[in-house]
Amino acid sequence: MESSVAMCGLLCLLFSQAVPMCVPTDYTLYEERHECDFCVAINTTICMGFCYSRDSNMKELAGPRFLVQRGCTYDQVEYRTVILPGCPLHANPLFTYPVALSCHCGTCNTDSDECAHKASSGDGPRCTKPLRNIYPYPGLSNYIHPN
């Protein structure tokens, strides 16, 4: 009995690793404004992972029940604001970005989320100005100052 429970647990563990899930994932945003002196690297989380989708070739005959399109999107999100360093007085130094707290598979809300896949620019330069890192700490206010 104990060996079958252990085997079941092991199989579940192995299977969960083989099937990607929709979860918050660490991500670094780079924000650079032409009027400010620095490029800022901001560590945050975004929703990434696999969600089941189905698009039948026979959807005209089968109807919409064979059309299932879901993406990994925000379930709960918090917005934080950083003060960009090196901005002149006439420029707005505030930059607000999302932090994924939890994610789910569902239809993308185009009113609030970026729903299109954007091609990566590769490993090229992300900034043309000197880089400053911003490290948010849990429990602090939503206004985060650079180090």
So, Ala18, is that one at pLDDT below 60 and either open to solvent by 50 Å² or more (accessible area, probe 1.4 Å) or at negative phi (or both) or not? yes
In the stretch 83-142, anything at pLDDT 90 or above, among the polar types (S, T, N, Q) and under 14 Å from His34 (Cα atoms) is listed as Asn92
Among residues of the stretch 93-107 being open to solvent by 60 Å² or more (accessible area, probe 1.4 Å) and assigned to a strand (DSSP E or B), the residue farthest from Thr25 (Cα to Cα) is Leu94
Taking the stretch 69-85 and keeping only residues that are within 16 Å of Phe50 (Cβ to Cβ) and in contact (Cβ under 8 Å) with a residue 40 or more places away in the chain, one is left with Gly71, Cys72, Thr73
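The values are calculated or read from the model by the stated rules, or taken from the named source; none is laboratory data. Quick caveat: nothing in here was measured; it's all calculated off a predicted structure. Because the Cβ atoms are built from the backbone with ideal geometry, glycine has one as well, and the counts that use them run over all protein chains shown. Just the protein is used for accessible areas: all its heavy atoms, side chains included, with ligands, DNA and RNA removed. Shrake-Rupley method; radii C 1.70, N 1.55, O 1.52, S 1.80 Å.
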